[in-house]
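Read the figures in this text as sums done on the coordinates, not as results from a lab. Quick caveat, the model's predicted, so the values are computed rather than measured. Using ideal geometry, Cβ is built from the backbone for each residue, glycine included, and neighbour counts are taken over all protein chains shown.
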Amino acid sequence: MKFTLTFFAAAMSGMLSLNAAAHMLWLEGDATAGKLYFGEYGDNLRETSPGKLDNIVTPMITIVDTAGTEKSVTASRGGNYYAIPGGPTVLVQALKQPIRTPQDKLAPVQRSFLYARQGKEGSLPLDIQQKANKLRLSFMGKPLAKAEIVLIAPNGWEKPLHTDENGETNFPLLEPGLYIAEAKHKENHPGEFEGKAYSIENHTVTLSFSK
């Protein structure tokens with residue numbers, strides 16, 4: 001086991017242990033049942049309810065079949081995850097996160113949008129899609145060039161990848177297990193939500209897939 005982890009760490013040069021500044025949503029499961037987690041995958045941190053999992057307000061869950069037909073389903077909050085029905089593709093949008101005023105009064109007020117994907121069908125506002133060993137990042141259907149996607153391996157190591165002019169990047173998979181790809185995108189788009197004004201929209205998406 002020690003040799004395997006040593007080899008993996010050496011082969012995935014440029015990787016650092018995950019220490020994300022902000023939490024993410026991600027999906028685990030199969031075609032029959034799934035779980036939606038909130039926390040940090042690389043640190044094996046899954047927030048609980050009562051607790052920070054309760055910060056995820058009414059996530060919108062969409063199941064998409066292989067023909068592209070979409071069906072909205074209801075998520076049921078458990079101890080440290082939301083239970084959801086499985087399907088060929090599961091899409092999650094958390095759009096009602098409360099706006100928190102930053103401690104630094106000079107810092108811009110941001111509104112957060114969280115997304116998660118498992119499977120290949122349908123689309124999200126900020127989206128990562130996989131085809132073979134290639135990832136494609138897009139926002140509102142348009143490719144995001146020269147952007148970063150962080151690939152998180154099953155053992156918690158991460159590797160930053162950078163998209164080309166078509167919003168695409170290749171990636172390595174050395175160890176079997178569940179991988180999470182995460183990307184973020186900010187928009188200078190002022191607005192108001194629940195009576196609070198904000199100046200920046202902060203979008204975060206993950207893609208879950210297995211080797």
Report the residue, chosen from 192, 28, 175, that carries the largest GNM mean-square fluctuation when the chain is represented by alpha-carbon nodes joined by springs under 10 Å. 192
Considering only the other residues whose Cβ falls under 12 Å of the Cβ of residue 179, what net charge follows from Lys and Arg at +1 and Asp and Glu at -1? -2
Contour minus Cα-Cα span, residue 83 to residue 43, at 0.36 nm per residue, comes to 12.3 nm
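If you stretched the chain out fully between residue 211 and residue 187, how much longer would it get, using 0.36 nm times the residue separation minus the C-alpha to C-alpha distance?
Details: separation 24, 0.36 × 24 = 8.64 nm, distance 3.30 nm.
Net length gain for the segment: 5.3 nm.
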Connecting C-alpha atoms closer than 10 Å in a GNM of the chain, tell me which of 84, 200, 63 has the biggest fluctuation. 200
If r is the Cβ-Cβ distance from residue 134 to residue 54 and R0 is 30 Å, what FRET efficiency results, to the nearest 0.05? 0.25
Quick check: residue separation of residue 123 and residue 31 times 0.36 nm, minus the Cα distance between them. What number comes out in nm? 31.3 nm
List the residues whose amide H sits under 5 Å from the amide H of residue 161, counting only those 5 or more places along or on another chain, with H placed 1.01 Å from N in the peptide plane. 149, 150, 151
Cβ-Cβ cut-off under 10 Å around residue 189, Lys and Arg +1, Asp and Glu -1: the net charge is 0
Over the chain: Kirkwood hydrodynamic radius from C-alpha pairwise inverse distances, Å: 17.9 Å
Measure of compaction for the range 91-211 (Cα Rg per 2.2 N^0.38 Å): 1.15
Pick from 156, 87, 79: which is most flexible by mean-square fluctuation in a GNM of the chain where alpha carbon atoms under 10 Å apart are linked? 79
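For the chain, what is the mean residue ellipticity at 222 nm derived from helices alone (per DSSP H run of n ≥ 4: -39500 (n - 2.57); sum divided by total residues; nearest 500 deg cm²/dmol)?
Mean residue ellipticity, 222 nm, calculated: -1500 deg cm²/dmol.
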Using Cβ counts within 10 Å as a stand-in for footprinting exposure, how do 148, 168 rank, fewest first? 148, 168
If packing is taken as the mean number of other Cβ atoms within 10 Å per residue, what is the order of 31-42, 88-99, highest first? 31-42, 88-99
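Can you work out the FRET efficiency for the pair residue 142 and residue 106, with r the C-beta to C-beta distance and R0 = 25 Å, to the nearest 0.05?
Working: r = 32 Å, r/R0 = 1.27.
E(calc), rounded to 0.05, equals 0.20.
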